[in-house]
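Written below as structure tokens is the structure these notes are about.
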């Protein structure tokens, strides 16, 4: 709030909760809405430790009040209000304004996410944001709340992704209300329908998510649109300011502040390309599918941001897409293409900053033109690491993926079993959802032998095996094991959430026999095509 512009039409006290158009400024001061009868559901001990916070804080009344939306407990230098930001939306490079209630794009942004704090912990700057903190001017007429179901999913997913080594936003706390509920569409018990068929009352919840910043590609896109159209006299200046803010919050350690502004912008594009391509390769390594990878869900800092319609691939399928509203263009193996489309919008948003500087524009264009090559290089490194290979072998990888598809294999279990570098096919068959055929067995045996020979030529099997076990997790997200956690939490029982936190904190480790028997399992047949488990709407 000290380094960027507030919306000049905003209120001075943050009492700004009705949908309206926001024409300029980087943020709107807005007060969160305090949750009634808040109760702590979970907190991240890992993040508390990183930030240097005592676990005793979770028993502090004012701490609980702040992170359940009661900002009246804030003391200077904190403000008695938070901030929400606007952003634009594009899908595969096409600009959209239909989601804006005014049809202009000036009413689209953080509808229920309100940042309340930014500070330096152990030398690192973090922003804290209440998801479900109440309505903002961008709320489009909704209630501004999040439901416990989606909040539990986001909290646990961030814990798991961090432990998997995938760049991600984090969760500090998860709070629910003992008395406040919100109604959302959802699936009736045992539903096999594609879309929700009933309305369900859910406990209201707030997750405090944490990141160096919550700047999205869509934010730069919004300010670039305004600059190109000369929407107001300060439009280009606001684009420059948000670009520099992104550099300060997310890239300053890598970008020399003594460089000319144009050189910093070009370096920003290069670094973001590297982070984005690495991120998507890591998503595919662990089986993660973003589900709705628009520009507004793409963090400009190059980490996983929006845990709404996400899922993890169990039965291997390149077209896996858990979100009913997503479409195949956001499916598991199409994520590199979605990332390239988002980078295209990022590139286009930076171009007005370099207008007239032909040399800098040429370098920027070269970075954009190299995206597909950079993405493929990251994917090749990823597949080689999953298979314990020193160099990428396209034939081996493509044949394996075809075998996974034909054998209807569990993505996580099969790669973990491959990490033992088995000689025989029998152990791999334990990851198949259907019985194998004699023809498939021959293909598998042939592939196994060629793969083992490839590893042996480059080194020792036990060394490759150990390396693979750090690339291929033992434990993954299985929606049918997550659903009971949020269902029980709604009844006040958080033990399963804590159990999942413990398991997810060490996803590569061999854990107890009890944990293995319960969590290292293939999906039961009854959960295939089950509404709310195999697929779901974004009713959060």
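The values are calculated or read from the model by the stated rules, or taken from the named source; none is laboratory data. The structure presented is a predicted model; accordingly, all values stated were derived computationally and were not measured. Because the Cβ atoms are built from the backbone with ideal geometry, glycine has one as well, and the counts that use them run over all protein chains shown.
Restricting to segment 469-507, name every residue that is part of a helix (DSSP H, G or I) and either surrounded by fewer than 16 Cβ atoms within 10 Å (Cβ to Cβ) or in the same structural domain as residue 40 (by TED's automatic domain parsing) (or both).
Of segment 469-507, the ones part of a helix (DSSP H, G or I) are 479-490, 495-504.
Residues satisfying the conditions are 484, 487, 488, 495, 498, 499, 502.
Can you give me the number of residues within segment 511-528 that are within 16 Å of residue 431 (Cβ to Cβ), touching a helix residue (DSSP H, G or I) at 6+ places or on another chain (Cβ under 8 Å) and part of a helix (DSSP H, G or I)?
Selection size over segment 511-528: 1.
Kindly evaluate residue 47 against the criterion of being in the same structural domain as residue 109 (by TED's automatic domain parsing), modelled with pLDDT of 95 or more, under 22 Å from residue 159 (Cβ atoms) and assigned to a loop (DSSP other than H, G, I, E, B).
Values: in the same structural domain as residue 109 (by TED's automatic domain parsing): yes; modelled with pLDDT of 95 or more: yes; under 22 Å from residue 159 (Cβ atoms): yes; assigned to a loop (DSSP other than H, G, I, E, B): no.
No; evaluated as a whole, the condition is false for this residue.
Answer yes if at least one residue in segment 240-250 is modelled with pLDDT of 95 or more, more than 26 Å from residue 123 (Cβ to Cβ) and part of a helix (DSSP H, G or I), and no otherwise.
Step one: list which residues in segment 240-250 are modelled with pLDDT of 95 or more, which gives 240-250.
Adding the requirement that they be more than 26 Å from residue 123 (Cβ to Cβ) leaves 240.
Filter once more, keeping what is part of a helix (DSSP H, G or I): 240.
Yes, because at least one residue in segment 240-250 is modelled with pLDDT of 95 or more, more than 26 Å from residue 123 (Cβ to Cβ) and part of a helix (DSSP H, G or I).
If the requirement is being over 18 Å from residue 37 (Cα atoms) and in the same structural domain as residue 35 (by TED's automatic domain parsing), which of these qualifies: 174, 156?
Details: 174 fails: over 18 Å from residue 37 (Cα atoms).
From the options 174, 156, the qualifying one is 156.
Here is a check on your reading of the model: is residue 384 under 27 Å from residue 417 (Cα atoms) and outside any strand (DSSP E or B)? I'd like the intermediate steps shown before the answer.
On the way: under 27 Å from residue 417 (Cα atoms): yes; outside any strand (DSSP E or B): yes.
Yes.
Just wondering, is there one or more residues in segment 443-461 that are free of Cβ contacts under 8 Å to residues at least 24 places away in the same chain, assigned to a helix (DSSP H, G or I), out of contact with any strand residue (DSSP E or B) (no Cβ under 6 Å at 6 or more places or on another chain) and not assigned by TED's automatic domain parsing to the domain that holds residue 408? Outline the logic, then answer.
Restricting attention to segment 443-461, the residues satisfying the condition of being free of Cβ contacts under 8 Å to residues at least 24 places away in the same chain are 445-446, 449, 453, 456-457, 460.
Filter again for assigned to a helix (DSSP H, G or I), leaving 445-446, 449, 453, 456-457.
With the extra rule that they be out of contact with any strand residue (DSSP E or B) (no Cβ under 6 Å at 6 or more places or on another chain), the set shrinks to 445-446, 449, 453, 456-457.
Next cut, not assigned by TED's automatic domain parsing to the domain that holds residue 408 only: none.
No: zero hits.
Does residue 74 satisfy being in contact (Cβ under 8 Å) with a residue 12 or more places away in the chain, out of contact with any strand residue (DSSP E or B) (no Cβ under 9 Å at 6 or more places or on another chain), surrounded by 15 or more Cβ atoms within 10 Å (Cβ to Cβ) and assigned by TED's automatic domain parsing to the domain that holds residue 161?
Details: in contact (Cβ under 8 Å) with a residue 12 or more places away in the chain: yes; out of contact with any strand residue (DSSP E or B) (no Cβ under 9 Å at 6 or more places or on another chain): no; surrounded by 15 or more Cβ atoms within 10 Å (Cβ to Cβ): yes; assigned by TED's automatic domain parsing to the domain that holds residue 161: yes.
So residue 74 does not fit the description; no.
Restricting attention to segment 387-411, and to residues there that are in contact with a strand residue (DSSP E or B) (Cβ under 8 Å, 6 or more places away or on another chain) and in contact (Cβ under 8 Å) with a residue 60 or more places away in the chain, which single residue is surrounded by the fewest Cβ atoms within 10 Å (Cβ to Cβ)? Steps first, answer last, please.
Here is the first cut: in segment 387-411, the residues in contact with a strand residue (DSSP E or B) (Cβ under 8 Å, 6 or more places away or on another chain) are 403, 407-411.
From what's left, in contact (Cβ under 8 Å) with a residue 60 or more places away in the chain: 408-411.
On the way: 408: 15, 409: 27, 410: 25, 411: 22.
Among them, the one singled out is 408.
Please go through (1) under 28 Å from the mean Cα position of the chain (by Cα); (2) surrounded by 12 or more Cβ atoms within 10 Å (Cβ to Cβ) for residue 524 and return the number of the only condition it doesn't satisfy.
(2)
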